[in-house]
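The structure appears below as structure tokens.
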Amino acid sequence: MKFAVVVFPGSNCDHDAYHAVKHVLGQDAAFVWHKETSLAGADVVILPGGFAHGDYLRTGAIARFSPIMQEVRRFADAGGPVLGICNGFQVLLEAGLLPGAMLRNRSVKFQCEHVFIRVEQTDTPFTSACRQGQVLRIPIAHGEGNYYAEPDVVERLERNRQVIFRYTTAAGEVTPEANPNGSVHNIAGLCNEARNVVGLMPHPERACELAIGSADGLAILESAVRSVSQGAFPAAGAGAKAVAAAR
């Protein structure tokens, strides 16, 4: 199967994502420049972390207008799995592929540290290999990771089971102290209503080898491989083909 790693000017976790899927998981992977208009037959799309376009205006505000984002939207609408990591999550929010917005961290500081997140739902292409309630130790590195949405939107997200990851203690307890940035309801990641688009602020691609502190992020990326290869999510592997047919 093939992963497309989208690269914007200012992306700095693109090679991390490529390494994780290509060299750790042994899957095909390709970089896709933001000015491209094709995802090159990808089965899974990753929008990586970094500072797309320098995060001018707002995080992800300029990247949403990149030509490749039209193709990402078509891919997502066709049911293709899309994962936005950190800045990629911010881009998905700005593009309207996920609801809500990111505010400055509660501390008003850039925070780079390991945190614990609890898997809330397993029926997405990026959590199918996880256990509900499983706690993962994964690093964050962001200045604007404080997720916010209007109360009625948050209520809908909770009701629809769209909150996929939540900041917790190592024991899986949801506490204010376990929330590193002030995100509403301790939300660390969520999905769209169709459940094929997932965004999260922590970096699973930076937690794929024990030599760098944690391999817990593998559960998220391995889920994508499992979802496509086993056909657990029928739309997943067909996403690129459906986009090509629609063009």
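All of the numbers you see were taken from the coordinates with simple rules; none came from a lab. All figures in this text were calculated on a predicted structure; none of them were measured in a lab. Glycine gets a Cβ as well: all are built from the backbone with ideal geometry, and neighbour counts include every protein chain shown.
Data for the structure
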| read-out | value |
| --- | --- |
| Inter-site label distance for residue 30 and residue 12 at 7 Å from Cα along Cβ, in nm | 2.8 |
| Computed E for residue 170/residue 40 - FRET, C-beta separation, R0 41 angstrom, nearest 0.05 | 0.55 |
| Sequence of 148, 56 once ranked by neighbouring C-beta atoms within 10 Å, starting from the fewest | 56, 148 |
| Electrostatic dipole magnitude of the chain [Cβ: Lys, Arg +1; Asp, Glu -1; Cα centre; debye, to 20] | 260 |
| Projected label distance in nm at residue 109 and residue 122, using a 7 Å step from Cα toward the beta-carbon | 3.8 |
| Footprinting exposure proxy for 122, 59 (fewest neighbouring C-beta atoms within 10 Å first) | 122, 59 |
| Tensor-based shape of region 1-77 (alpha-carbon gyration tensor, a/c under 1.5 rounded, otherwise prolate or oblate) | oblate |
| Mean shadow area of region 2-246 over all directions, Cα convex hull, nm² | 11.6 |
| Burial order of peptide ranges 159-167, 25-33, 75-83 (average beta-carbon count within 10 Å, highest first) | 75-83, 159-167, 25-33 |
| Antiparallel bridge percentage (DSSP; both residues within the chain; nearest 5) | 60 |
| Charge dipole magnitude, Cβ of K and R +1, D and E -1 - region 30-169, Cα centre, debye nearest 20 | 280 |
| Vicinal HN-Hα couplings computed from phi for region 127-135 (Karplus, 6.51 cos²θ - 1.76 cosθ + 1.60; Hz; Gly/Pro x) | 9, 5, 9, 9, 9, 4, x, 5, 9 |
| FRET efficiency for residue 156 and residue 211, using Cβ-Cβ distance with R0 set to 41 Å, rounded to 0.05 | 0.50 |
| Region 7-23 and region 81-126: distance between their alpha carbon centers, rounded to Å | 17 |
| Percent RCO, i.e. relative contact order, over region 2-246, from Cα pairs under 8 Å lying at least 6 residues apart | 21 |
| Residue 34 long-range amide H proximity, modeled H, under 5 Å | 7 |
